[in-house]
Amino acid sequence: MRNQEDDTIKKRPKIHLNTLFYMAWRNLTSKKLRSFLTIAGIVVGIGSIAFLISFGLGLQKLVTDNVIGDKSIKTIEITSPNSKIIKLNDTAVNKIRRFPHIEKVGVEYSFPSSVALKGGGIDSVIYGVDQTFQDLTTLNLLEGRLLQKNDNRSALVSLSALRGIGVTDPKKAVGQEIEIVVPLQLADSEADELRDTFKVVGVIDSDQNNEIFVPSAVFDVAGVPTYKQVKVTIDDTSNIPTLRKQIESNGFLTNSPIDTLEQINQLFKFFNIILAGFGGIGIIVAILGMFNTLTISLLERTKEIGLMITLGGRKRDMRRLFMIEAVLLSLIGVFIGMFGSFIASRVINELVNQNAAQRVNERFEIFSLPLWLIAALTAFMLIVGLIVAYFPARRAQKISPIDALRRE
Amino acid sequence: MQDEGGQILIRVSNLEQSFKIGEEMLKVLHPSSFTIKKNSFNIIYGPSGSGKSTLLNVLSGIQVPSGGQVTYDGRDIYKYSAEQLAYFRAKSIGVVYQQNYWVNSLNVIENVSIPLFFLGYNRAAAAKKAMDALQRVDMAPFAKKSPLMLSGGEQQRIAMARAIVNDPSVIITDEPTGSLDSKNGDMIMALLESYQRDLNRTIILVTHNMEYLPLADQLVHIQDGQCQQMQSGDISETTETLLNQMKARIDHLARKKQDA
């Protein structure tokens, strides 16, 4: 019989974690005002940091989207510093095509030109692009269709160029015949200009610039020897630097959207740190508030803890009770804070959009609250909460029931 | 030493306790030995400052003695690890103090459940047992109230319920009637007696109140840290002696006043 009881002492059951959670919860709800104020501090702290960082990330995304757009950062643009000496011709393109890691190669011609519908013409840039190049270029099609493989005398015309030649309704432009004149200074050519009529197949949104896209075959046939630009895509961004070196060693110039992206990221890294710093002040105040609450709670409950130890509570249970209270305060605070900052960001985004509606016709988004940010802030607050709770919890663990329950 | 027919629950041997106060060592308990039988009603009697509370703390497993041993069923409880000792307190001991303490955020039934929580009961199972205990002390209708809203007598009954909820082998009480009127005090004593008599449990009552001495099967008289154990046969004689001593003191004080 003795052995039996010894065994239960060795394999003694322990208080359930959810009972401790319940006791912590009851304590927090029994001091409603204090718990509310502590949580309010965390809500403001977490809310402001989430709001500011999501604003920074949102702006970064907005700027990136506008500057880089749909351009793949896996592309490299290749041009020649001097087309007479370093020729970006078929030979060069074929050579580039054989470099490792290259997936697609697109070519483009570009010339100043003049375009006319009837009578008076306007100046415009004309691009001769092959299918791949067109795919790698973001063209915002408003009407009609893009250039297709077997197109010959087809053209995409920008909105601005259309207006220039007197067409205000883009819908009416598709199907029209326009006359384009491109001056070509070719040494071995009979004609010094290319003059032809093209059928408009699509209208693109390029508000500021007079731009026309035609199939590159037009210039191939005319005998233009060098391309203006070649665009290649690479299997992985990590291969971009070595590949660029390889291309540049052949005398060409390279450019990649990744350069711009890196500059934007660099700038915003700094900007985001400043925003997080402002939010951080709020967090620090919230942490001090929580520390204060837990410490006062400990001092008030010395007798309760002494009592629970007398009734069989383990010292570590007392420590866990405080830790759990801190976790509950943190989690509730984080949850409400995140939700609040989300609502605030929606409201402000809506206001900004409405305000800008007269000038910009597309909606935009100036906040970004990615999942990783939510997870990171939650984890951060939980860890901080546990650190803050550590000191009062350690004191709770050291309470002697005899001192606590001594009669006054 | 063999326990007399397995009747002994607690054996206190050469127990001593001193505290360091500043530079001085204060000896609160001089080496004392006594035994507590199973299913008996025991009184530890002594005036204020005699070391009663210290002895009670040692017996209830929250004060490690400076010397000697306390065994329950032959096992030295202070050889347990701190966690084993905590479990032992939750399982085998019920305590009732003169002034009662509560976990203020919990209601009556939850407070009564606390020892069960520490024994690993879930809340539903603990509430069921706690309700039985409350019924025993006639306090079931107060289950959902806050203990702080109740009168002293009601609180003391709930403390009784909390002490018996884990079916402990011993209930240790420290002046449980000290802050009650005589009616409530008698009721608490009746509860203790019935618990001992009906359920065959051991009661240890610490008091400086002579009235209760006749209830005891066994008396431990403590004076200036010296314990002296007496069996029931000697109790009435002791009570007589104590009463005479007190009478002599009162007479002495009265004469002094007259002389002055």
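The values are calculated or read from the model by the stated rules, or taken from the named source; none is laboratory data. If you're wondering where the values come from, they're calculated on a predicted model, not measured in any experiment. Positions of Cβ are generated from backbone atoms using ideal geometry, with glycine treated the same way; all protein chains shown enter the neighbour counts. Quick note on the areas: whole protein, heavy atoms, side chains included, nothing else; ligands and nucleic acids left out. Shrake-Rupley method; radii C 1.70, N 1.55, O 1.52, S 1.80 Å.
Of B:Lys52/B:Lys256; A:Lys31/B:Lys144; A:Lys31/B:Lys145; A:Lys303/B:Lys129, which pairs sit farther than 27 Å apart, going by alpha carbon to alpha carbon?
B:Lys52/B:Lys256
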Quiz prompt | Charge dipole magnitude, Cβ of K and R +1, D and E -1 - the range B:43-157, Cα centre, debye nearest 20 | solution = 160 debye
Quiz item: Distance from the Cα centre of the range B:94-127 to that of the range B:168-217, in angstrom?
Solution: 20 Å
Quiz prompt | Shielded by partner chains, the range B:96-115 residues - at least 50 Å² of accessible area, 1.4 Å probe, vs chain alone | solution = B:Tyr101, B:Val103, B:Ser105
Practice problem: With springs only between Cα atoms under 10 Å apart, run a GNM on chain A and tell me which of A:Phe55, A:Phe219, A:Phe364 wobbles the most. | Solution: A:Phe364
Quiz item: Other chains' Cβ within 10 Å of B:86-94 residues: what's the mean?
Solution: 6
Quiz item: Using alpha-carbon pairs under 8 Å, 6+ residues apart, how would you state the relative contact order of the range B:4-250 in percent?
Solution: 27 percent
Exercise. Would you please state which residues of the range A:352-374 a label at A:Leu62 would reach in this model, taking the label point 7 Å out along Cα→Cβ and a backbone N cut-off of under 15 Å?
Key: A:352-369
Exercise. Grab the beta carbon distance between B:Ser146 and A:Phe278, set R0 = 56 Å, and tell me the FRET efficiency rounded to 0.05.
Key: 0.80
Self-check item: Whole-number percent relative contact order across chain A, with pairs defined as alpha carbons under 8 Å at least 6 apart
Solution: 29 percent
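Please average, across the residues of A:14-25, the number of beta carbons from any other chain that are within 10 Å of each residue's own beta carbon, and give a whole number.
That works out to 4 on average.
Select from chain A the helices, each a whole stretch of DSSP H, whose alpha-carbon atoms run 18 Å or more along the helix axis and whose Kyte-Doolittle mean is at least -0.5; answer none if there are none.
The answer, listed by residue number, is A:17-30, A:32-68, A:257-300, A:315-356, A:371-398.
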Quiz item: Within the accessible area of the protein assembly as shown, what % is carbon and sulfur when the probe is 1.4 Å and the other protein chains stay in place?
Solution: 55 percent
Exercise. With label points built 7 Å along Cα→Cβ from the Cα atoms of A:Ile387 and A:Leu253, find their separation and express it in nm.
Key: 5.0 nm
Quiz prompt | Förster radius 60 Å - calculated FRET efficiency between A:Glu103 and A:Phe21, Cβ distance, rounded to 0.05 | solution = 0.65
Quiz item: Once you charge only the Cβ atoms, +1 for Lys and Arg and -1 for Asp and Glu, what is the size of the charge dipole of the range B:4-250 about its Cα centre, to the nearest 20 debye?
Solution: 720 debye
Quiz item: How large is the Kirkwood hydrodynamic radius of chain B, in angstrom, based on all distinct alpha carbon pairs?
Solution: 19.5 Å
Quiz item: Just going by the charge dipole of the range B:15-164, with Lys and Arg at +1 and Asp and Glu at -1 on Cβ, which of B:Tyr97, B:Ala163, B:Ala127 is farthest out on the positive end?
Solution: B:Ala127
Quiz item: Size of the dipole of the range B:210-249 about the Cα centre, Lys and Arg at +1 and Asp and Glu at -1 on the beta carbon, nothing else charged, in debye to 20?
Solution: 180 debye
Quiz item: When only DSSP loop residues count, what chymotrypsin sites (Phe, Trp or Tyr not before Pro) in the range B:113-181 have their Cβ near at most 16 other Cβ atoms within 10 Å?
Solution: none
Self-check item: Accessible area of the protein assembly as shown divided out per residue, in Å², using a probe of 1.4 angstrom
Solution: 50 Å²
Quiz item: Helix B:108-118 versus the longest principal axis of chain B: what angle, 0 to 90°, nearest 10, using Cα atoms?
Solution: 90 degrees
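All other residues with a Cβ under 10 Å from the Cβ of A:Asn210 taken together, and with Lys, Arg as +1 and Asp, Glu as -1, what is their net charge?
Surrounding charge for A:Asn210 is -1.
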Quiz item: By its C-alpha gyration tensor, with a ≥ b ≥ c as the square roots of the eigenvalues, how is the protein assembly as shown shaped: rounded for a/c under 1.5, else prolate for a/b larger than b/c, else oblate?
Solution: prolate
Quiz item: Which whole-number percent is the relative contact order of the range A:75-255 (Cα, under 8 Å, 6+ apart)?
Solution: 38 percent
Exercise. Post the alpha-carbon centroid distance, the range A:101-130 to the range A:325-342, in whole angstrom.
Key: 57 Å
Quiz item: Which pairs, out of A:Lys231/A:Lys269; A:Lys84/A:Lys231; A:Lys118/A:Lys171, put more than 25 Å between their alpha-carbon atoms?
Solution: A:Lys231/A:Lys269
Quiz prompt | Spatially proximal aspartates and glutamates relative to A:Lys199 (Cα-Cα < 13 Å; intrachain offsets below 8 disregarded) | solution = A:Asp151, A:Glu177, A:Glu179
Self-check item: Signed unit charges on C-beta, dipole axis of the protein assembly as shown, positive-most listed residue A:Pro170, B:Gly152, A:Thr226
Solution: B:Gly152
Practice problem: Note the buried accessible area between B and A here, summed over both chains, with a 1.4 Å probe, in Å² to the nearest 100. | Solution: 3600 Å²
